[in-house]
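The values are calculated or read from the model by the stated rules, or taken from the named source; none is laboratory data. Model, not experiment: these values are computed from the prediction. All Cβ positions, even for glycine, are placed from backbone atoms using ideal geometry, and neighbour counts span all protein chains on display.
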Amino acid sequence: MQIITPTSVLRDWTEHDAPALVRHADNPRIAATMRDGFPSPYTISDAHRFIAMATAPGRQLFLAIEVDGEACGGIGINPLEDVHRGSAEIGYWLSGSFWGRGIITDAVRALVPVAFRQYDIVRLQACIFSNNPASIRVLEKCGFVREAVHRNAITKNGVIMDEIVYAVLR
Ligand SMILES: CC(C)(COP(=O)(O)OP(=O)(O)OC[C@H]1O[C@@H](n2cnc3c(N)ncnc32)[C@H](O)[C@@H]1OP(=O)(O)O)[C@@H](O)C(=O)NCCC(=O)NCCS
């Protein structure tokens, strides 16, 4: 898949992205607002493991965010299961060198209609740690609605904080 946005290209990961992935993902400031599955430090074997998962057949969608010819972030859709099967989660991260240029806002805006086309879902959600005002702003700019605050739901790097749920409906 390839999606061209005003500020980046969203495309499938390839094995060649591994060195760039390490260069951009190995940043504790990125990991601080991600679930613990996002490694910190981020090693080359983490990159190979991630790319193997991202390129294997499966229901999840993982796309690289390419800027200036290099993968410098990731965005994806995770369809939920069981009684939550009408929902999917959107997740994303971007290299710190590119923050504040509207790249993720453009990427989320472009991916939302694709998610509703690709999956039989009625709802797309994102769960944000309360230490992440930039991500909250991205979602609000993209039309997501703040639905809930799960108090003390997150323990990250030894700190307990709230989780904020945003969603957009089909
Ligand atoms: C969150 C993240 C994806 C944002 O990417 P980005 O490309 O910088 O986002 P954009 O430039 O599209 O938009 C960021 C918005 O947040 C705003 N913002 C940034 N820091 C902010 C802060 N501390 N408080 C309030 N708003 C803030 C920016 O001003 C901008 O809004 P604006 O266009 O109205 O000025 C990026 O910071 C990141 O990768 N963080 C680490 C990983 C992560 O948190 N992923 C999401 C997990 S839910």
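Points worth noting:
A quick yes/no check of all residues on (1) more than 23 Å from Ala126 (Cα to Cα); (2) at pLDDT below 95; (3) touching a His at 6+ places or on another chain (Cβ under 9 Å); (4) of a type outside the set (Gly, Ala, Ser):
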{"residue": "Ser8", "(1), (2), (3), (4)": "no, no, no, no"}
{"residue": "Ala47", "(1), (2), (3), (4)": "yes, no, no, no"}
{"residue": "Pro57", "(1), (2), (3), (4)": "yes, no, no, yes"}
{"residue": "Leu61", "(1), (2), (3), (4)": "no, no, no, yes"}
{"residue": "Asn78", "(1), (2), (3), (4)": "no, no, no, yes"}
{"residue": "Glu81", "(1), (2), (3), (4)": "no, no, no, yes"}
{"residue": "Gly91", "(1), (2), (3), (4)": "no, no, no, no"}
{"residue": "Leu94", "(1), (2), (3), (4)": "no, no, yes, yes"}
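- Some residue of region 135-151 being at pLDDT 95 or above, buried (at least 16 other Cβ atoms within 10 Å of the Cβ) and of a type in the set (S, T, N, Q): yes
- Of residues in region 1-26 being surrounded by fewer than 16 Cβ atoms within 10 Å (Cβ to Cβ), in contact (Cβ under 8 Å) with a residue 24 or more places away in the chain and part of a helix (DSSP H, G or I), the one nearest to the ligand (Cβ to nearest atom): Pro19
- Residue under evaluation Glu70, criteria (1) more than 19 Å from Thr5 (Cα to Cα); (2) out of contact with any strand residue (DSSP E or B) (no Cβ under 8 Å at 6 or more places or on another chain); (3) more than 13 Å from the ligand (Cβ to nearest atom), criterion not met: (1)
- Qualifying residue in region 58-69 (condition: among the β-branched types (Val, Ile, Thr), farther than 26 Å from Gly158 by Cα and in a strand (DSSP E or B)): yes
- Of the strands (runs of 3 or more DSSP E) that lie entirely inside region 111-170, not one contains 1 or more residues that are away from the ligand (no atom under 14 Å from the Cβ), aromatic (Phe, Trp, Tyr) and in contact with a helix residue (DSSP H, G or I) (Cβ under 7 Å, 6 or more places away or on another chain).
- Filter pass, Trp99 being of a type in the set (Phe, Trp, Tyr) and in contact with a Phe, Trp or Tyr (Cβ under 9 Å, 6 or more places away or on another chain): no
- Candidate set from region 35-50 (those that are of a type outside the set (Ser, Thr, Tyr) and within 16 Å of the ligand (Cβ to nearest atom)); member that is surrounded by the most Cβ atoms within 10 Å (Cβ to Cβ): Phe50
- Pairing each residue of region 128-152 that is over 19 Å from Pro28 (Cα atoms) with any residue that is more than 8 Å from the ligand (Cβ to nearest atom) and of a type in the set (Phe, Trp, Tyr), provided the two are 6+ apart or on different chains, yields C-beta distances under 7 Å for Leu139/Tyr166; Phe144/Tyr166; Val145/Tyr166; Arg146/Tyr166; Glu147/Tyr166.
- Test: residue in region 27-34 that is in a helix (DSSP H, G or I), without any contact (Cβ under 8 Å) to a residue 12 or more places away in the chain and surrounded by 15 or more Cβ atoms within 10 Å (Cβ to Cβ): yes
- Residue count for region 77-110, restricted to those that are more than 8 Å from the ligand (Cβ to nearest atom), part of a loop (DSSP other than H, G, I, E, B) and of a type in the set (Lys, Arg): 1.
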